[in-house]
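The values are calculated or read from the model by the stated rules, or taken from the named source; none is laboratory data. Since this is a predicted model, take the numbers as computed values, not measurements. Note: ideal-geometry Cβ built from the backbone for every residue, glycine included; neighbour counts use all protein chains shown.
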């Protein structure tokens, strides 16, 4: 997630909304079938309110409105939610996951839910130039518990399109990617090291995995304690460990103006960086909340995390061609993948 000013963020979200209606909805339904105003009017009819406004953080495949008077969310989606995934998430997370009610009678799938308590993490107040260590420490601890809760519902299989099942093919393509080898040899070298270890994914339990667990989808109170998580529509069964990239992306560092930087600042009077302290805090909390015997191979989790980083940041044709237009994703990958694969924190905390 990128740090941006309020004005820049509002402009970005408006561009998301415009793209949703002018491009995505038109591709799905055709021109003049469903406009933003049509959505607002339908939402007003559902809730019988006139105080609807767009939520400050929009998704790429949905349009979401909020009513302050009713404390309700109305979301218009390109695709219907997967009922099985939603039921599983509800079973695992209870009140940390919003229950969605479907409403028929509109061209797009429509859902209402209660407003999540807390604030979208990205919007929590933060003093410029200051890293709120205590808040982040509470959050990464809660994230460890959140990820660990998936252990209560191991899944029997994963889809062929999942990160887990597609990992051998993805790594093979990256190994053959000559532009990657030339422009990011450090990434290519890690991919080569990962390839013979890919079989370790099959030693891990398959669990419900959130594919976008970043601070735009996490709600928390002012102290950083997580109150809920949204955007499970892309969640599916994956090898345990593949949701952890979000901890590195959103809390151990920050993306600003296309450059990702870890929080490698040593607090006054300390000897270790904020990144090191938070990373260790997360892993200690994760291992302590898992049932005995759930994970038997620490290296397998490290492989799963590395594979998830690759899938997160190698978008589109990047598996075959490493291009300048993907600079922001490249920077994420070039910073986070070596930190995950070459670091020793995971080993120290098992």
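Annotations for the structure displayed:
- Among the residues of the stretch 321-350, the one identified as at pLDDT 85 or above, in a loop (DSSP other than H, G, I, E, B) and touching a helix residue (DSSP H, G or I) at 6+ places or on another chain (Cβ under 6 Å) is 321.
For every residue, the table says whether it meets (1) outside the structural domain of residue 328 (by TED's automatic domain parsing); (2) assigned to a helix (DSSP H, G or I); (3) crowded, with 20+ Cβ neighbours inside 10 Å.
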{"position": "194", "(1), (2), (3)": "no, yes, yes"}
{"position": "198", "(1), (2), (3)": "no, yes, no"}
{"position": "211", "(1), (2), (3)": "no, no, yes"}
{"position": "215", "(1), (2), (3)": "no, no, yes"}
{"position": "219", "(1), (2), (3)": "no, no, yes"}
{"position": "224", "(1), (2), (3)": "no, no, yes"}
{"position": "232", "(1), (2), (3)": "no, no, yes"}
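- Note on the stretch 253-276: residues that are surrounded by fewer than 20 Cβ atoms within 10 Å (Cβ to Cβ) and within 25 Å of residue 240 (Cβ to Cβ) total 2.
- Count of residues meeting criterion [in contact with a strand residue (DSSP E or B) (Cβ under 6 Å, 6 or more places away or on another chain), surrounded by 18 or more Cβ atoms within 10 Å (Cβ to Cβ) and outside any helix (DSSP H, G or I)] in the stretch 143-181: 2
- With respect to being farther than 16 Å from residue 150 by Cα and in contact with a helix residue (DSSP H, G or I) (Cβ under 9 Å, 6 or more places away or on another chain), residue 251 fits the description.
- Residue 323 fulfils the conditions (1) farther than 26 Å from residue 55 by Cα; (2) surrounded by 15 or more Cβ atoms within 10 Å (Cβ to Cβ) except for a single criterion, (2).
- Top-ranked residue in the stretch 296-318 [being surrounded by fewer than 20 Cβ atoms within 10 Å (Cβ to Cβ) and over 19 Å from the mean Cα position of the chain (by Cα); ranked as nearest to residue 182 (Cα to Cα)]: 317
- Among the residues making up the stretch 109-127, those that are touching a residue at least 40 places away in the same chain (Cβ under 8 Å) and either surrounded by 16 or more Cβ atoms within 10 Å (Cβ to Cβ) or within 22 Å of residue 21 (Cα to Cα) (or both) are 110, 112, 113, 115, 116, 118, 119, 120, 121, 122, 124.
- Test for residue 106: is it in contact (Cβ under 8 Å) with a residue 60 or more places away in the chain, more than 15 Å from residue 232 (Cα to Cα) and outside any loop (DSSP other than H, G, I, E, B): no
- Which listed residue, of 46, 66, 92, 73, is closer than 18 Å to residue 229 by Cβ, part of a helix (DSSP H, G or I) and modelled with pLDDT of 95 or more: 92
- Restricting attention to the stretch 22-52, the residues that are over 19 Å from residue 112 (Cβ atoms), in contact (Cβ under 8 Å) with a residue 40 or more places away in the chain and within 27 Å of the chain's Cα centre (by Cα) add up to 3.
- Sole residue being assigned by TED's automatic domain parsing to the domain that holds residue 182 and more than 23 Å from residue 201 (Cβ to Cβ), chosen from 277, 337, 342, 286: 277
- Check on residue 237, assigned to a loop (DSSP other than H, G, I, E, B), in contact (Cβ under 8 Å) with a residue 24 or more places away in the chain and either outside the structural domain of residue 315 (by TED's automatic domain parsing) or touching a strand residue (DSSP E or B) at 6+ places or on another chain (Cβ under 7 Å) (or both): no
- Within the stretch 267-297, the set of residues being out of contact with any strand residue (DSSP E or B) (no Cβ under 9 Å at 6 or more places or on another chain) and within 15 Å of residue 342 (Cβ to Cβ) comprises 276, 279.
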